[in-house]
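The values are calculated or read from the model by the stated rules, or taken from the named source; none is laboratory data. Quantities reported herein were computed from a predicted structural model and do not represent experimental measurements. Here the Cβ positions follow ideal geometry from the backbone for every residue, glycine too, while neighbour counts run over all protein chains shown. Please note that ligands, DNA and RNA were not included when accessible areas were found on the heavy atoms of the full protein model with its side chains. Shrake-Rupley method; radii C 1.70, N 1.55, O 1.52, S 1.80 Å.
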Amino acid sequence: MIPEIEKATPQEIQAFQEGKLKELIAYLSENSPYYRRVFRNHKISTSDINTLSDLTKIPVTTKEHLQHHNDDFFCVTKSKIIDFVTTSGTLGEPVTVGLTDKDLDRLAYNEAISFACAGIQEDDILQLTTTIDRRFMAGLAYFLGVRKLGAGIVRVGAGIPELQWDSIQKFKPTYLIVVPSFLLKLIQYAEAHGIALDTSGIKGAICIGESLRNQDFSLNVLAEKIRSKWNIELYSTYASTEMSTAFTECSEQRGGHHHPELIITEILDEHDRPVPPGEEGELVITTLGVEAMPLLRFKTGDIVAAHHTPCGCGRNTLRLGPVVGRKKQMIKYKGTTLYPPAMGNLLNDFSEVKSHVVEIYHNAIGTDEILIKICAPKASDTLLAQIRDHFRSKLRVSPTIELCSREEIQQLQLSKLGRKPIGVIDRR
């Protein structure tokens, strides 16, 4: 199930997207209070935007714009909204996003072709280990996508390894939709209760929320830990509520594929200029085919690199590499630029560390400081020294590390909506 446009030449894909972009500009000019104001204030007419390079004539949209002018982004009346969701609010107040019936169809199509990209077929059964409630878009998207693909789904929800394994043994799913670190808990439960992992029937996992790979696409420490115990395929995905689109790995596992019929991507530097091919920059997206709340040049805040080399799966679309980090969480520490995911990945090298939270704050002279709070029941001075040395060898610097109880870490990780555990607390 590869959409024809994804097998087209780069030139054909660009021409296709430029046609869709013109349609979007006309739609926003007619229906969006926010973008009508932007076009008026910057003297932009619909005839000014004809090519993808013309996008640079339009100011970017930020998360702050969404937060401060949320209602002005809606292009339809509330009576047309079928489903109301909110963003997770990781870096600020949550934003309300509404979806019309057409938007829900688009969401289902996105997930169906994304699952198909990872090799999932009609005869597969997927077990959903994430929430489908709490105004969470992802869980609903997965359900709709599996349904459109024609596969089966078992909606178990978050947590409870015992219930997950009961469902695996009862319904025989072939894939899990899961946060990667939760796979370690499933492995621990299986080992403690005599469950044979290799005869479970699970072929692979569609992994969300956490990175599986290094920038060269090799498995990172977390993924290596999983694969050393459970020989299943691991597929990375990247998505957000605002874009209503997913970038999912194919069988080649060399980055998440772009769906050109659903989204336009730009990779920009700190001055909002395109970076050279293959270089890291902030992902900026323009949604296509969204009815209720389309976005134009929206800055995701995520630092990524795009890869344009041909893929062995037959698609000619660009692929996004693993997220390096969030732009707003970039840290300048003792002359070194760091992102929290790199620190989390290093801590995964130590089985003694059960959980952690990274705190970022300004010191007395206004420069960045890092405090990593860890739960390590069997901690010792030797372990702490090993962790610090590991950080120095890999990142050239070693942040302050503080031992905390499991309860303290859990309390820090609890988010307002209880949807995602918080791994980074930015107090700057």
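From the list LYS43, LYS102, which residue is charged (D, E, K, R), assigned to a loop (DSSP other than H, G, I, E, B) and open to solvent by 20 Å² or more (accessible area, probe 1.4 Å)? Working first, answer last.
Numbers: LYS102 fails: assigned to a loop (DSSP other than H, G, I, E, B).
Just one listed residue meets the conditions, LYS43.
Residue under question is LEU347, and the condition is that it be more than 24 Å from the chain's Cα centre (by Cα), over 25 Å from PRO274 (Cβ atoms) and modelled with pLDDT of 90 or more; does it hold?
Details: more than 24 Å from the chain's Cα centre (by Cα): no; over 25 Å from PRO274 (Cβ atoms): yes; modelled with pLDDT of 90 or more: yes.
In short, no.
What are the pairs with Cβ atoms under 6 angstrom where one residue, in segment 195-221, is in a helix (DSSP H, G or I) and the other, located anywhere, is open to solvent by less than 50 Å² (accessible area, probe 1.4 Å)? Sequence gap at least six, or different chains.
Between residues of segment 195-221 that are in a helix (DSSP H, G or I) and residues that are open to solvent by less than 50 Å² (accessible area, probe 1.4 Å), the close pairs are LEU197/ALA190; LEU197/TRP230; VAL221/ASN345; VAL221/ASN348.
Hey, any hits in segment 222-245 for a residue that's touching a Pro at 6+ places or on another chain (Cβ under 6 Å), of a type in the set (D, E, K, R) and without any contact (Cβ under 8 Å) to a residue 40 or more places away in the chain? Please lay out each step first, then the result.
We begin by selecting, within segment 222-245, every residue touching a Pro at 6+ places or on another chain (Cβ under 6 Å); these are 222.
If we keep only those that are of a type in the set (D, E, K, R) too, we end up with none.
Taking every residue of segment 222-245 in turn, none turns out to be touching a Pro at 6+ places or on another chain (Cβ under 6 Å), of a type in the set (D, E, K, R) and without any contact (Cβ under 8 Å) to a residue 40 or more places away in the chain.
Name the residue that is farthest from THR61 (Cα to Cα), counting only residues in segment 254-269 that are open to solvent by 20 Å² or more (accessible area, probe 1.4 Å) and touching a strand residue (DSSP E or B) at 6+ places or on another chain (Cβ under 7 Å).
At the first step, the residues of segment 254-269 found to be open to solvent by 20 Å² or more (accessible area, probe 1.4 Å) are 254, 261, 265-267, 269.
Retained after the next criterion (residues that are touching a strand residue (DSSP E or B) at 6+ places or on another chain (Cβ under 7 Å)): 254, 265-267, 269.
Details: ARG254: 29, THR265: 13, GLU266: 13, ILE267: 14, ASP269: 15 Å.
Applying the filter and picking the extreme gives ARG254.
Taking segment 161-187 as the search range and keeping residues that are assigned to a helix (DSSP H, G or I) and modelled with pLDDT under 95, which one is least open to solvent (accessible area, probe 1.4 Å)?
The first filter runs over segment 161-187 and keeps only residues assigned to a helix (DSSP H, G or I), leaving 161-171, 180-187.
Okay, now just the ones that are also modelled with pLDDT under 95, so 180-182, 184-185.
Values: PRO180: 0, SER181: 45, PHE182: 28, LEU184: 44, LYS185: 116 Å².
Top of the filtered list is PRO180.
Among the residues of segment 188-233, what is the count of those that are farther than 17 Å from LEU128 by Cβ, more than 19 Å from the chain's Cα centre (by Cα) and open to solvent by 40 Å² or more (accessible area, probe 1.4 Å)? Give the steps one after another, and end with the answer.
Of the residues in segment 188-233, the ones farther than 17 Å from LEU128 by Cβ are 188-199, 211-231, 233.
If we keep only those that are more than 19 Å from the chain's Cα centre (by Cα) as well, we get 188-199, 224-231.
If we keep only those that are open to solvent by 40 Å² or more (accessible area, probe 1.4 Å) too, we end up with 188-189, 191-194, 196, 198-199, 224-225, 227-229, 231.
Residues meeting the conditions: 15.
Assuming LYS80 fulfils every condition listed in (1) crowded, with 17+ Cβ neighbours inside 10 Å; (2) touching an Asp or Glu at 6+ places or on another chain (Cβ under 9 Å) apart from one, which condition is it?
(1)
Would you point out which residue out of VAL357, VAL323 is of a type in the set (Val, Ile, Thr), closer than 13 Å to GLY423 by Cα and either part of a loop (DSSP other than H, G, I, E, B) or touching a Leu at 6+ places or on another chain (Cβ under 6 Å) (or both)? Please lay out each step first, then the result.
Numbers: VAL323 fails: closer than 13 Å to GLY423 by Cα.
The unique qualifying residue is VAL357.
Would you pick out the residues in segment 1-18 that are part of a helix (DSSP H, G or I) and surrounded by 12 or more Cβ atoms within 10 Å (Cβ to Cβ)?
Restricting attention to segment 1-18, the residues satisfying the condition of being part of a helix (DSSP H, G or I) are 4-7, 10-18.
ILE5, GLU6, LYS7, PRO10, GLU12, ILE13, GLN14, ALA15, PHE16, GLN17, GLU18 - these are the residues of segment 1-18 that are part of a helix (DSSP H, G or I) and surrounded by 12 or more Cβ atoms within 10 Å (Cβ to Cβ).
Only one of (1) of a type outside the set (Lys, Arg); (2) part of a strand (DSSP E or B); (3) open to solvent by less than 20 Å² (accessible area, probe 1.4 Å) fails for THR237. Which number is that?
Among (1) of a type outside the set (Lys, Arg); (2) part of a strand (DSSP E or B); (3) open to solvent by less than 20 Å² (accessible area, probe 1.4 Å), THR237 violates only (3).
Among the residues of segment 134-160 satisfying the criterion of being within 19 Å of GLY201 (Cβ to Cβ) and surrounded by fewer than 18 Cβ atoms within 10 Å (Cβ to Cβ), which is nearest to the chain's Cα centre (by Cα)?
Only one residue fits best here, namely ARG155.
Hey, any hits in segment 59-71 for a residue that's outside any helix (DSSP H, G or I), β-branched (Val, Ile, Thr) and out of contact with any strand residue (DSSP E or B) (no Cβ under 9 Å at 6 or more places or on another chain)? Before the answer, list the steps.
Going residue by residue through segment 59-71, those that are outside any helix (DSSP H, G or I) are 59-62, 69.
Narrowing further to those that are β-branched (Val, Ile, Thr): 60-62.
Checking which are out of contact with any strand residue (DSSP E or B) (no Cβ under 9 Å at 6 or more places or on another chain) leaves us with none.
No, because not a single residue in segment 59-71 is outside any helix (DSSP H, G or I), β-branched (Val, Ile, Thr) and out of contact with any strand residue (DSSP E or B) (no Cβ under 9 Å at 6 or more places or on another chain).
If only one of LYS328, LYS332 is open to solvent by 20 Å² or more (accessible area, probe 1.4 Å), on the phi < 0 side of the Ramachandran plot and not in a strand (DSSP E or B), which one is it?
Numbers: LYS332 fails: not in a strand (DSSP E or B).
After ruling out the rest, the residue left standing is LYS328.
For segment 240-254, enumerate the residues that are touching a helix residue (DSSP H, G or I) at 6+ places or on another chain (Cβ under 9 Å), not in a strand (DSSP E or B) and not hydrophobic (A, V, I, L, M, F, W, C).
Answer for segment 240-254, where residues must be touching a helix residue (DSSP H, G or I) at 6+ places or on another chain (Cβ under 9 Å), not in a strand (DSSP E or B) and not hydrophobic (A, V, I, L, M, F, W, C): THR241, GLU242, SER244, SER251.
Show the residue pairs meeting these rules: Cβ distance below 9 Å; 6+ apart or different chains; first residue within segment 362-373 and within 10 Å of ASP426 (Cα to Cα) and open to solvent by 40 Å² or more (accessible area, probe 1.4 Å); second residue assigned to a loop (DSSP other than H, G, I, E, B) and charged (D, E, K, R).
HIS362/ARG427; HIS362/ARG428
With surrounded by fewer than 16 Cβ atoms within 10 Å (Cβ to Cβ), within 24 Å of the chain's Cα centre (by Cα) and among the acidic types (Asp, Glu) as the only criterion, which of GLU64, GLU30 stands out?
On the way: GLU30 fails: within 24 Å of the chain's Cα centre (by Cα).
Criteria check complete, one pass: GLU64.
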